1. State all residues of segment 376-397 that are surrounded by fewer than 24 Cβ atoms within 10 Å (Cβ to Cβ) and within 13 Å of the ligand (Cβ to nearest atom); if no residue qualifies, say none.
2. Take segment 251-274 and flag every residue that is within 11 Å of the ligand (Cβ to nearest atom) and closer than 22 Å to residue 129 by Cβ.
3. Out of curiosity, is residue 108 more than 16 Å from the ligand (Cβ to nearest atom), under 20 Å from residue 288 (Cα atoms) and touching a helix residue (DSSP H, G or I) at 6+ places or on another chain (Cβ under 9 Å)?
4. Among the numbered conditions (1) within 22 Å of the chain's Cα centre (by Cα); (2) more than 16 Å from the ligand (Cβ to nearest atom); (3) surrounded by 21 or more Cβ atoms within 10 Å (Cβ to Cβ), tell me where residue 181 comes up short.
5. It is to be established whether one or more residues within segment 302-324 are in contact with a helix residue (DSSP H, G or I) (Cβ under 8 Å, 6 or more places away or on another chain), in a loop (DSSP other than H, G, I, E, B), touching a residue at least 12 places away in the same chain (Cβ under 8 Å) and within 17 Å of residue 62 (Cα to Cα).
6. Please list, ordered by first then second residue, the pairs with beta carbon atoms under 6 Å, 6 or more apart or interchain, first in segment 21-33 and closer than 19 Å to residue 145 by Cα, second surrounded by fewer than 18 Cβ atoms within 10 Å (Cβ to Cβ) and modelled with pLDDT of 95 or more.
7. For residue 67, work out the one condition from (1) closer than 30 Å to residue 412 by Cβ; (2) within 16 Å of the ligand (Cβ to nearest atom) it doesn't fulfil.
8. For segment 195-215, give me each residue that is more than 16 Å from the ligand (Cβ to nearest atom) and either within 24 Å of residue 375 (Cβ to Cβ) or crowded, with 20+ Cβ neighbours inside 10 Å (or both).
Ligand code: KE4
């Protein structure tokens with residue numbers, strides 16, 4: 001048995017599914033999860049000493065690669081003076097100032113500890129600020145595991161959502177309505193059927209939890225206009241796109257203004273951090289200055305702030321990394337398409353910025369229904385062929401490949417060579 005297999009045998013006895021987050025269990029692709037022991041730049045090593053080119057990057061946080069020396073130094077320098085105080089620290093102020101400087105249309109920020117917490121809090125704020133109960137989300141978009149977000153399309157599509165997980169009550173789900181990504185008419189129907197009741201529309205500006213599905217031209221601006229027409233708030237869930245698509249995230253990249261923005265991943269630099277942000281008028285409705293309650297023991301934790309701030313400062317100082325990451329992702333996408341054509345493989349490859357995803361379908365993937373036509377068994381085989389060749393991809397079809405600024409030309413060449421061989425082997 002490998003060390004990873006031995007560890008997984010122990011893990012399943014004390015952790016549900018042997019993991020602390022479901023996707024890590026490799027259930028969608030089969031085989032034994034690799035237990036990672038080290039990350040450096042664009043590479044990770046597992047407990048058996050096997051080296052991989054990493055395109056998960058902790059699901060987005062490692063935009064500059066693993067163990068960036070400046071980030072490690074910032075963490076070390078901070079932690080030697082104590083890890084957490086439950087009292088204000090200067091780093092929280094500097095972090096909020098940095099985010100306000102980088103991100104359009106925000107004046108205030110509240111730090112929390114995960115993307116889930118950021119979304120849960122932003123939804124509560126939207127409801128508190130508008131006095132309305134309903135939320136519109138999109139099928140196939142993921143916003144963390146708060147009850148109101150674990151909702152699927154209900155039978156009465158224009159009325160109530162249905163719980164999408166055991167343990168989520170009908171009461172918690174009933175105020176969440178489901179629309180279709182890249183389909184403005186589906187949003188307008190819900191707004192018209194629930195006049196004056198929709199607090200907010202929440203959207204991933206790039207849907208990166210159904211693989212990678214970019215917004216069609218006009219989709220995001222259309223949401224902005226529909227929200228303005230109906231007095232609803234527009235929430236951009238930028239837990240993935242924030243500071244990744246551009247320094248200012250999707251609002252900068254697409255030129256569309258959101259009312260509230262949620263963040264996670266990159267702002268923690270690898271440490272547990274989330275945040276939500278918006279105008280002063282909205283954010284000052286949050287406790288202690290307003291009636292919308294939200295709190296957290298480790299919110300703004302100084303060590304996490306040190307890591308996140310260091311990462312944002314590097315991104316600010318080196319804006320060239322955005323072009324480099326996009327060029328790298330385009331290189332991989334182009335070669336995947338060439339290999340698919342050469343081997344007559346039914347594949348689509350979506351790419352935007354440093355995000356990309358291969359689908360095993362002949363249907364262009366511009367919505368959730370199309371994404372679901374992908375042959376997930378073929379993706380699983382592709383995943384394992386790539387893993388064998390030292391390329392670590394998301395162990396699920398409905399995730400993204402995350403390219404970092406640390407991926408080198410050698411990494412890219414090795415990746416496309418592995419992909420050529422893997423596609424040939426399908
Ligand atoms: P966390 O609670 O996992 O920090 O963030 C939830 C979340 C919110 N919004 C978006 C757009 C997200 O993508 C996420 C979490 N992303 C997944 C990856 N697709 C996390 C990986 C996992 O669940 O283990």
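1. If the condition is that a residue be surrounded by fewer than 24 Cβ atoms within 10 Å (Cβ to Cβ) and within 13 Å of the ligand (Cβ to nearest atom), then 394, 395, 396 are the ones that fit.
2. 262, 263, 264, 274
3. yes
4. All conditions are met except number (2).
5. no
6. Short answer, once both residue conditions are applied: 25/17; 25/19.
7. Only one criterion in (1) closer than 30 Å to residue 412 by Cβ; (2) within 16 Å of the ligand (Cβ to nearest atom) is unmet by residue 67, namely (2).
8. Matches in segment 195-215: 198, 199.
The values are calculated or read from the model by the stated rules, or taken from the named source; none is laboratory data. Bear in mind the structure is a predicted one, so any value in this text is a computation, not a measurement. All Cβ positions, even for glycine, are placed from backbone atoms using ideal geometry, and neighbour counts span all protein chains on display.
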